[in-house]
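First comes the structure, then the notes that go with it.
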């Protein structure tokens, strides 16, 4: 009797764990993967690619950023509400989180790929002590 109740309890717990994990999964895809099977990615996804040159349009009064993300094969327009990240610029690697609204990707998060290499501003020499102090 107790073993049957234990198995039932484990089954219910397993079902809850499965649902929690399934709802929190966010696929990472590139534009051409989405174009190949748009129905497969219904819901929240991470779309990665490059910010297309000459596609950036930022309205600072409405805090609305529009740009295109491409993987060199397929391109999609992106709409983001908020200020752009500091390193945001054309031909930069970007990951946008959100979902598609018809052919436009509506994002609520923009992540910029940047180099892990530190380079001081042109013509400025930085000492090791200054660099350590800045990193602390």
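We did not get these values from a lab; they are worked out from the coordinates using the rules stated. What you see is a predicted model, and the numbers here were worked out from it, not measured in a lab. Every residue, glycine as well, gets a Cβ built from its backbone with ideal geometry; the counts of neighbours run over all protein chains shown.
Extension gain, residue 54 to residue 102, is 15.0 nm, computed as 0.36 nm per intervening residue step minus the present C-alpha separation. Using the Cβ-Cβ distance between residue 17 and residue 40 with R0 set to 30 Å, the FRET efficiency works out to roughly 0.80.
Compute the length gained on full extension between residue 63 and residue 129: take 0.36 nm times their separation in residues and subtract their Cα-Cα distance, giving the result in nm to one decimal. Before the final figure, lay out each step's value.
On the way: separation 66, 0.36 × 66 = 23.76 nm, distance 3.90 nm.
Taking residue 63 through residue 129 to full extension adds about 19.9 nm, to one decimal.
The Stokes-Einstein estimate for the stretch 26-112, based on a Kirkwood radius over Cα pairs and taken at 4 °C with 1.567 mPa s viscosity, is a diffusion coefficient of 102 µm²/s.
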